[in-house]
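Asks: For reference, the structure I am asking about is given below.
Every number here is computed from the coordinates shown, using simple stated rules; none is lab data. Everything numeric here is computed off the predicted structure, so don't read it as measured data. In this analysis, Cβ positions are derived from the backbone assuming ideal geometry, glycine residues included, and neighbour counts consider all displayed protein chains.
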Amino acid sequence: MRRYRTGVSSLLSVCALAGVCVSSTADAAESATCQPITLVKNIAPGPAGSIPDYDVQTPAVSGKTIFFTAKDGTTGLELWRSRGKEGDTALVKDIFPGSKDSDPRSLTVVGNTVFFVADDGAHGHELWKTDGTAEGTVLVRDIRPGTSDSGASYLTALGNTLFFVADDGVHGPELWKSDGTEKGTEMVDDLLPGALGSGLSSLVVFKNTLYFAADGGPHETELWKTDGTKTGTERVAVVRVIESDPGEQIIQGLTAVNDRLYFFAGSPYAKRWDLWKSDGTGPGTVRVTTLGMSPSDYVKGPAAMTISGGLVYFQAGESGSLWRSNGNADGTFIIKPSSDARWLTDLKGTLLFTAWDDASGYELWRSDGTVAGTVLVEDIRPGNDSSAPFWLTVVDGKVLFSAETTESGRELWSTDGTMEGTSMIYDAVPGPGSLSPSLLTPVGPRVFFVAGDSTSAESTSGAEPWVINDCTPPELACPSEVITEAKDASGAIVTYPAATGTDNKSEPPVFSYSNPTGGTFPLGPTQVTVTATDESGNSAQCSFTVKVRDTHAPKVTCPPDQQVWRTSRYGATVEFPVATALDTVSPASLTYNPPSGSDFMVGTTPVVVTATDASGNSSRCTFNVTVSRQYARNGCGCGAASSNEFFGGLLLTTLAVLAGRRRKSGSSSNG
């Protein structure tokens, strides 16, 4: 089954490169403004294009800048740079002034410097470097003085040093190193003195050391290593396919796999290839197995060694059979014979590759390292017409590739290794015309590729730089509601948990908050809006509430108990002092029950004072108002008396009453 994405959904389909897209109105609006693929710059308008389809050089990525070769119709084939937009895409330098090519090749990043080989017309093909500016693009050293080429090749970075093979015209091809300066560019060692050189090849970094193959003399093929010094350059082992071989033997394909180094050793005399492995020592350099192949298979040779799921995969033989090895003879065997296996790519421990069979043609396959587990992912172009998946490139946990169908031509596809997860990203040239993407290279949040509109033979768009844009907003989660207690009338200083978010790209999103943590939040609820923005400018928002509340009641203090004389038949009207209330957040209001100025009956009446703040918190206190049964001696008693005055007067009244009763009692007895 073929699956296509078109229209608006195709704009969102780039999300499939990284998994789930958040569905929301904001996300839809964002996606609607983001084009999934765009032409970076039409450097050389017309059918020829700026990037020739012959001997295309692999781009180099330094930071978020890609360096590539192109010609604009005025200059020849020169070094260019881009960050994925037209405004930042420019010629680095016209190294060979005019329309002739400087032909930059072997672009290699070491630290923040890009090394390459180019010809400025005066020195031949020599070692150059660039920092991305014209002023910083310079010849490192004219290794072979004059217009002859030094043949600099096998450029390999180890730490901050570049290693390569070059011929200075005296010592033949030997191992060199460079720190980017003329003085620091020198031959490491003359392994085989003389003008023929030591035949170095297959440089690889293993255990922080550079390993390589070299010819140690007549009929000697050797594995070497170096730390960059002459004394630290030494032979690891002599590798012999057969001891009786009268001719030179070959080492190629050095590949580091965890704690082992794998390589192929071949004998032109015996027309035989072996798989070898090494732990970096002489005794630990041994043959894994002989790859039993015919003489015609020998000519094709083994190639494309790739690591996936702890196994080594490679293609070998005239018909390109797919092999696997676990490092042992009995674990090394063919898992898909006569398949012309290509584009071997590891995806999370599963091997994806392009292979042929009579029923499907060239299609996308996967393998777990077993014969039974080596299966067709999907027959993208049904029948034996091939979709020919090319340029398999891992991007954000999926494999991106170009494939061809009858309906849509050659366009961009993606897969997760399953049939259901394999689909065309975007039909950039609708109908059978093709965008024909190639040279897929991740650069920051984008994927750089070379493409041209081949709608017809009269197409006016040749091969130019394009990018797949990141149109997927971050996934964002806000913290739960934050509740805290107010400290004063201004609210409270609140420190809340950070929002969390992820993006489909390696660079984490940047978070911004409408109300920063650690700031003062007023009393009541405040909505905090969080925005997460990725490096492509896609954004997502969420919000949460910070609630500052006042749950503490005011502190209320009642006046002392009040005692008053009776002023009427039933009691007295009493005015009492006010209570006091203290609240740290808001003023408190006071209510009295009964209120001051009320009529109080003879006896004791409790007065309840309630203090209530603006948040409704309340507290109470109580004091008593006591109205005497006696009238004041001055006949007023209209106000509250002090306790001393009240009780003093009460005592005098009581004594007067008792004295009167005694006089009355004495008069009665005398009579």
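Asks: Using amide H atoms built in the peptide plane, which far-off residues or other-chain residues are under 5 Å from Val92 H to H?
Replies: Counting only residues 5 or more places away or on other chains, the set is Leu79, Trp80, Arg81.
Asks: A further question on this structure: Which of Gly253, Ala237, Pro268 sits farthest toward the positive end of the charge dipole of the range 201-309, with +1 on the Cβ of Lys and Arg and -1 on the Cβ of Asp and Glu?
Replies: The one lying farthest along the dipole's positive direction is Gly253.
Asks: Also: 7 Å from Cα along Cα→Cβ at both Val375 and Ile483: what's the point-to-point distance in nm?
Replies: Simple spin-label model gives 5.3 nm for this pair.
Asks: Which one of Trp224, Thr591, Gly172 has its Cα pushed farthest toward the positive end of the charge dipole of the chain, where Lys and Arg give +1 and Asp and Glu give -1 at the Cβ?
Replies: Thr591
Asks: So which lysines can Lys547 reach, going by Cα to Cα under 28 Å and dropping same-chain residues fewer than 8 places off?
Replies: Straight-line reach from Lys547, under 28 Å: Lys487, Lys555.
Asks: Sorted from largest to smallest, which semi-axis lengths in Å does the alpha carbon gyration tensor of the range 136-190 give for its equivalent ellipsoid, taking the root of 5 times each eigenvalue? Mind dumping the intermediate values first?
Replies: Numbers: eigenvalues 56, 40, 18 Å².
Equivalent ellipsoid semi-axes, largest first: 17, 14, 9 Å.
Asks: Pairs of alpha-carbon atoms within less than 8 angstrom and 6+ residues apart define the contacts here; what relative contact order does the range 475-549 have, in percent?
Replies: With pairs under 8 Å counted, the relative contact order is 40 percent.
Asks: Assuming a viscosity of 1.306 mPa s and a temperature of 10 °C, what translational diffusion coefficient in µm² per second does Stokes-Einstein assign to the range 552-597, Rh being the Kirkwood radius over Cα pairs? It would help to have the intermediate numbers written out before the result.
Replies: Values: Rh = 12.7 Å.
Approximately 125 µm²/s, per Stokes-Einstein.
Asks: Measuring from label point to label point, each 7 Å out along Cα→Cβ, what is the Ala90 to Glu407 span in nm?
Replies: Label at Ala90, label at Glu407, 4.5 nm between them.
Asks: Please state, to two decimals, what the Cα-based radius of gyration of the range 501-636 comes to when divided by 2.2 N^0.38 Å (N = residues). It would help to have the intermediate numbers written out before the result.
Replies: Working: Rg = 28.7 Å, N = 136, 2.2 N^0.38 = 14.2 Å.
This ratio for the range 501-636 stands at 2.01.
Asks: Give, in nm to one decimal, the length gained when the segment between Leu582 and Ala122 is fully stretched (0.36 nm per residue of separation minus the Cα-Cα distance). Before the final figure, lay out the partial values.
Replies: On the way: separation 460, 0.36 × 460 = 165.60 nm, distance 9.11 nm.
Value of the extension gain: 156.5 nm.
Asks: Just to be sure I understand the model, the point goes 7 Å from the Cα along the line to the Cβ. What's the resulting Asp385 to Arg633 distance in nm?
Replies: Rounded to a tenth, the inter-label distance reads 12.8 nm.
Asks: Could you list Val578, Val394, Val482 so that the one with the fewest beta carbons within 10 Å of its beta carbon is first and the one with the most is last? Don't skip to the end; give the middle numbers.
Replies: Details: Val578 11, Val394 15, Val482 18.
Sorted ascending by nearby Cβ count, the order is Val578, Val394, Val482.
Asks: Percent relative contact order of the chain, based on C-alpha pairs within less than 8 angstrom and at least six residues apart?
Replies: On the way: 1709 pairs, mean separation 58.5, N = 671.
Computed value for the chain: 9 percent relative contact order.
Asks: Right, another one. Placing +1 at every Lys and Arg Cβ and -1 at every Asp and Glu Cβ, with all other atoms neutral, what dipole size does the chain have around its Cα centre, in debye to the nearest 20? Working shown, then result.
Replies: Details: 51 positive and 75 negative charges, 1106 e Å.
Dipole of the chain, to the nearest 20 debye: 5320 debye.
Asks: Additional query: What is the local net charge at His552, summed over the other residues whose Cβ is closer than 13 Å to its Cβ (Lys, Arg +1; Asp, Glu -1)? Please list the in-between numbers first.
Replies: Values: positive: Lys487, Arg549, Lys555; negative: Glu485, Asp488, Asp550, Asp583, Asp613.
So the surrounding residues net to -2.
Asks: Restricting to DSSP H runs of at least four residues, report the calculated mean residue ellipticity at 222 nm for the chain, -39500 (n - 2.57) per run over all residues, nearest 500 deg cm²/dmol. Mind dumping the intermediate values first?
Replies: Details: 4 runs with 48 residues, N = 671.
Counting only the DSSP helices, I get -2000 deg cm²/dmol.
Asks: Follow-up question, since we're still on this one. For Lys271, list the lysines whose Cα falls under 26 Å from its own Cα; do not include residues on the same chain fewer than 8 positions away.
Replies: Leaving aside lysines fewer than 8 places away in the same chain, those within reach of Lys271 are Lys300, Lys336.
Asks: Next up: Would you pull out the residues with amide H under 5 Å of Leu200's amide H, same chain only if 5 or more places away, H placed 1.01 Å from N?
Replies: Close amide H contacts, sequence-distant or interchain: Asp215.
Asks: In debye, nearest 20, what is the charge dipole magnitude of the range 475-549 about its Cα centre with +1 on Lys and Arg Cβ and -1 on Asp and Glu Cβ, if you could check? Don't jump to the answer; show the numbers that get you there.
Replies: Working: 4 positive and 8 negative charges, 70 e Å.
Around 340 debye, computed over the range 475-549.
Asks: Can you list residues whose amide H is under 5 Å from Phe206's amide H, if they're 5+ apart or on another chain and H is modeled 1.01 Å from N?
Replies: Amide H to amide H, under 5 Å and 5 or more residues apart or across chains, Phe206 pairs with Tyr211.
Asks: What list do you get for Met187, Met424, Met293 if you sort them by fewest beta carbons within 10 Å? It would help to have the intermediate numbers written out before the result.
Replies: Working: Met187 16, Met424 22, Met293 19.
Fewest to most other Cβ atoms nearby, the residues stand as Met187, Met293, Met424.
Asks: Further, regarding this structure: Relative to the longest principal Cα axis of the chain, at what angle does helix 643-670 sit, 0 to 90 degrees, rounded to 10?
Replies: 30
Asks: Here's a follow-up. Looking at the range 518-570 from every direction and averaging, what is the projected area of its Cα convex hull in nm²?
Replies: On the way: hull surface 32.5 nm².
Answer in nm², one decimal: 8.1.
Asks: I need two numbers for the range 201-309: Rg to one decimal and Dmax as a whole number, Cα atoms only, in Å.
Replies: 13.6, 42
Asks: Taking the number of other C-beta atoms within 10 Å as the exposure measure, put Ser82, Ser589, Ser539 in order starting with the fewest.
Replies: Numbers: Ser82 25, Ser589 13, Ser539 18.
By the 10 Å Cβ count, ascending: Ser589, Ser539, Ser82.
Asks: Could you size up the charge dipole of the range 201-309 around its Cα centre, putting +1 on the beta carbon of Lys and Arg and -1 on that of Asp and Glu, and report it in debye to the nearest 20?
Replies: 220
Asks: Still on this model: Would you work out which of Ser615, Thr580, Pro516 lies farthest towards the positive end of the dipole of the range 489-621, given +1 charges on the beta-carbon of Lys and Arg and -1 on that of Asp and Glu, about the Cα centre?
Replies: About the Cα centre, the residue reaching furthest to the positive side is Thr580.
Asks: In addition: Using alpha carbons only, what's the Rg to Rh ratio of the chain with Rh from Kirkwood? Can you show the working numbers first?
Replies: Working: Rg = 44.7 Å, Rh = 32.4 Å.
Ratio value, two decimals: 1.38.
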